[in-house]
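These notes concern the structure reproduced below.
The values are calculated or read from the model by the stated rules, or taken from the named source; none is laboratory data. Here the structure is a predicted model, which is why all the values come from computation and not from measurement. Heads up, the Cβs are rebuilt from the backbone with ideal geometry, glycines too, and the neighbour counts pull from every protein chain shown. Remember, those area values only see protein heavy atoms, side chains included, never the ligands or the DNA or RNA. Shrake-Rupley method; radii C 1.70, N 1.55, O 1.52, S 1.80 Å.
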Amino acid sequence: KSIRTVGRVTLDETRTEQVHTRFSGWIDKLYVDYTLQHVKKGEPLFSIYSPELVSTQQEYLLALRSNEILSDSEFPEISGGANSLLDAAKRRLELWDISAGQIRELGETGRVKDSLVIYSPVSGVVIEKNVFQNMYVEPGTNLYTIADHSNVWVEVDIYENEIPLVKPGDHAVMTLQSFPGEEFHGEVTFMPPHLDMKTRTAKARLEFANPDMKLLPEMYADVSIDIPLGDKLSVIHNGVDASFH
């Protein structure tokens, strides 16, 4: 059985991330400065100057030098204390989302950076931007929202009498007016536990791969969901069809 319905392409909520810092500071430079700009994971988003970060870098370098000097001490408590101090300074940088590569560069060069570059944690499209040049930001401020479009959701209406037939894993075929004659294949991933009181339908969620970014949010789609009804054996006897499940 095929259930035909209509749907709307939406973002995959599980592939959307917000970017913020864990320390206060001033934005020095923006590398991504407008919405709907596409970024790749690891590309620079902005650089920031933070007095807190500068002092913590200095603490780390002091702890690193102390550890190098005292690591060979004949007194275990001295060498152990120096190592613990270094670990604590490194951990503080890590908790501020400073990458391992940046910490390694700090140790190798011995130079404190006034500004730190923040990189994108994911690949995707910037759907929200709340950061500007020379802006002062605090921990928790949402600077960017980045959505990965390589996988999308499609919400479709399932009528009340057809709800028992639809379940996660069912195959779905989608067509769009934007791409005549082309079919997109996905599957049902979620059936909501509630009905819409006005339409008497349930909003089923389908997932489709979108590697070439053809499927855009808010596109309307025609969808056919294939419902397997099982095998049936038919026996013809004296011209009469007797069917057995």
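Answer with yes or no whether Leu62 is open to solvent by 40 Å² or more (accessible area, probe 1.4 Å), hydrophobic (A, V, I, L, M, F, W, C) and closer than 30 Å to Asn83 by Cα. The answer is yes for Leu62.
From Glu155, Glu187, grab the single residue that is out of contact with any Ser or Thr (no Cβ under 7 Å at 6 or more places or on another chain), open to solvent by 20 Å² or more (accessible area, probe 1.4 Å) and not aliphatic (A, V, I, L, M). Step through it out loud before you land on a result.
Working: Glu155 fails: out of contact with any Ser or Thr (no Cβ under 7 Å at 6 or more places or on another chain).
Going through Glu155, Glu187 in turn, just one is out of contact with any Ser or Thr (no Cβ under 7 Å at 6 or more places or on another chain), open to solvent by 20 Å² or more (accessible area, probe 1.4 Å) and not aliphatic (A, V, I, L, M): Glu187.
Mind checking which residues of region 203-231 are over 14 Å from Thr10 (Cα atoms) and of a type in the set (A, V, I, L, M)? If the condition is that a residue be over 14 Å from Thr10 (Cα atoms) and of a type in the set (A, V, I, L, M), then Val223, Ile225, Ile227, Leu229 are the ones that fit. Being under 30 Å from Leu61 (Cβ atoms) and within 17 Å of the chain's Cα centre (by Cα) is a property that Ser120 has. Scanning region 93-140 for residues that are open to solvent by 40 Å² or more (accessible area, probe 1.4 Å), among the β-branched types (Val, Ile, Thr) and not in a strand (DSSP E or B) yields Thr109, Val112.
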